[in-house]
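The values are calculated or read from the model by the stated rules, or taken from the named source; none is laboratory data. Being a predicted model, the structure only gives us computed values, none of them experimental. Heads up, the Cβs are rebuilt from the backbone with ideal geometry, glycines too, and the neighbour counts pull from every protein chain shown.
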Amino acid sequence: MNNLALAVHGGAGTILKSQMTPRLEEQYRAGLEDALRIGWTILDRGGSSLDAVEAAVCSLEDFPLFNAGRGAVFTHEGEVELDAAIMDGNTLKAGAVTFVKNIKNPVKLARLVMERTEHILLAGDGANQFADQNGVETAPDEYFFTEHRWLQLQEALAAGRVVLDHTDDLVQNPKSKVQRSGSEPWTKPLGTVGAVACDQNGHLAAATSTGGMTNKQFGRVGDTAIVGAGTYADECCAVSCTGHGEYFMLGVTAYDVAARMKYKGLSLLEAASETIEHLGKISGEGGLISVDSLGNVTLPFNSAGMYRGWTRGNEFSVEIYSSP
């Protein structure tokens, strides 16, 4: 059981301690810790890596400070559209959904796509129809609404911009006409969520979930639901990415880690580091979490911070900021 390992993330980008209140930092850490404990309990009891990453991501989707599930960002039309993917490294099967609405836990729907269809990716109305036929839990629009996300959209609309949730574009601007309530800290919630795990059999799995970009238009799809771009698992490693999705698609970033291990003979640490270095060379910003079949874990990123955590049972770590 020494190979048991689990890692989670809640987004990467401009995350500065100077912009974080102690109370908010405590909340973020608690959200990551809860996800780790939930996933680890499954692994520690002999459960599969697939079950562990699904449960961990569900916990992060339910946590309103991350951009997935409840608390996801709003589109240009003021709607919440959700993407998710999950992959079983042992079977090389995957499932994903995009443009789904009112699905409480999109990662559960992605798993059903993997297990109950011959497809990998379902989108929009069709995905929601599939969810209805399979009794997937839904929630009303009010469940997904959070004030900080709504105000984030208003600022983006006023600026006429599509805003990446993990950038510092929405750090409080004294010229902004958008006003927050006195109880709401400005420090904005960030990013895509994900989990990767290795179970007692050395089997690997990865899952990722997101609400995408604030003020997104024209049916934009990011990397999260694209197998190989934002989510990937095989016999070598499991990877979940977070950051500027367009560049993760260009770099086929999640699969790139596995390819470097298989074709260059690199270790997980070496492969993941090279992958993030390459991401930077093509102007991409963000990070990834990854685990191999020996239980090694690495969580590289090239941004100012990444909400992240990992555990191997006797080791437990949750971090937010970049190392000094």
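What pairs come out if I take residues in segment 138-165 that are part of a helix (DSSP H, G or I) and pair them with residues that are at pLDDT below 75 and of a type in the set (Lys, Arg) whose C-beta lies under 8 Å away, six or more apart or interchain?
Matching pairs, first to second residue: 147/180; 148/180; 148/188; 151/180; 152/188; 158/177.
Among the candidates 53, 80, single out the residue that is β-branched (Val, Ile, Thr), at negative phi, buried (at least 22 other Cβ atoms within 10 Å of the Cβ) and more than 13 Å from the chain's Cα centre (by Cα). Spell out how you get there, then give the answer.
On the way: 53 fails: more than 13 Å from the chain's Cα centre (by Cα).
80 is the lone residue from the list that is β-branched (Val, Ile, Thr), at negative phi, buried (at least 22 other Cβ atoms within 10 Å of the Cβ) and more than 13 Å from the chain's Cα centre (by Cα).
In contact with a Gly (Cβ under 9 Å, 6 or more places away or on another chain), surrounded by fewer than 24 Cβ atoms within 10 Å (Cβ to Cβ) and among the β-branched types (Val, Ile, Thr): is that true of residue 14 in this structure?
yes
Does residue 26 satisfy being part of a helix (DSSP H, G or I) and either in contact with a strand residue (DSSP E or B) (Cβ under 9 Å, 6 or more places away or on another chain) or of a type in the set (Asp, Glu) (or both)? Spell out how you get there, then give the answer.
Details: part of a helix (DSSP H, G or I): yes; either in contact with a strand residue (DSSP E or B) (Cβ under 9 Å, 6 or more places away or on another chain) or of a type in the set (Asp, Glu) (or both): yes.
Yes: the conditions hold for residue 26.
Looking at this structure, is residue 107 under 23 Å from residue 31 (Cα atoms) and not aromatic (Phe, Trp, Tyr)?
yes
Of the residues 170, 190, which single one is in contact with a His (Cβ under 6 Å, 6 or more places away or on another chain) and either at pLDDT below 90 or farther than 22 Å from residue 95 by Cα (or both)? Steps first, answer last, please.
Working: 170 fails: in contact with a His (Cβ under 6 Å, 6 or more places away or on another chain).
Exactly one of 170, 190 is in contact with a His (Cβ under 6 Å, 6 or more places away or on another chain) and either at pLDDT below 90 or farther than 22 Å from residue 95 by Cα (or both), namely 190.
Name every residue in segment 89-137 that is within 20 Å of the chain's Cα centre (by Cα), surrounded by fewer than 23 Cβ atoms within 10 Å (Cβ to Cβ) and of a type in the set (S, T, N, Q), in order of residue number.
102
When you scan segment 41-81, how many residues do you find that are touching a strand residue (DSSP E or B) at 6+ places or on another chain (Cβ under 7 Å), of a type in the set (D, E, K, R) and modelled with pLDDT of 95 or more?
Adding up the residues that qualify gives 2.
Answer with yes or no whether residue 75 is surrounded by fewer than 16 Cβ atoms within 10 Å (Cβ to Cβ), part of a loop (DSSP other than H, G, I, E, B) and among the hydroxyl-bearing types (Ser, Thr, Tyr). Working first, answer last.
Numbers: surrounded by fewer than 16 Cβ atoms within 10 Å (Cβ to Cβ): no; part of a loop (DSSP other than H, G, I, E, B): yes; among the hydroxyl-bearing types (Ser, Thr, Tyr): yes.
So residue 75 does not fit the description; no.
Could you check how many residues of segment 272-292 are in contact (Cβ under 8 Å) with a residue 40 or more places away in the chain and touching a helix residue (DSSP H, G or I) at 6+ places or on another chain (Cβ under 6 Å)? Talk me through it step by step, then tell me what you get.
Looking only at segment 272-292, we keep the residues that are in contact (Cβ under 8 Å) with a residue 40 or more places away in the chain, and these are 284-292.
Now narrow it down to the ones that are touching a helix residue (DSSP H, G or I) at 6+ places or on another chain (Cβ under 6 Å): 284, 290, 292.
Residues that pass the stated criteria total 3.
Return yes when residue 258 is modelled with pLDDT of 95 or more, crowded, with 18+ Cβ neighbours inside 10 Å and under 21 Å from residue 66 (Cβ atoms) and no when it is not.
No: the conditions fail for residue 258.
Within segment 265-300, can you find the residues that are more than 21 Å from residue 6 (Cβ to Cβ) and surrounded by fewer than 24 Cβ atoms within 10 Å (Cβ to Cβ)?
Answer for segment 265-300, where residues must be more than 21 Å from residue 6 (Cβ to Cβ) and surrounded by fewer than 24 Cβ atoms within 10 Å (Cβ to Cβ): 265, 266, 270, 274, 277, 278, 280, 281, 282, 283, 284, 285.
Would it be correct to say that residue 100 is touching a His at 6+ places or on another chain (Cβ under 9 Å), without any contact (Cβ under 8 Å) to a residue 60 or more places away in the chain and of a type in the set (A, V, I, L, M, F, W, C)?
No: the conditions fail for residue 100.
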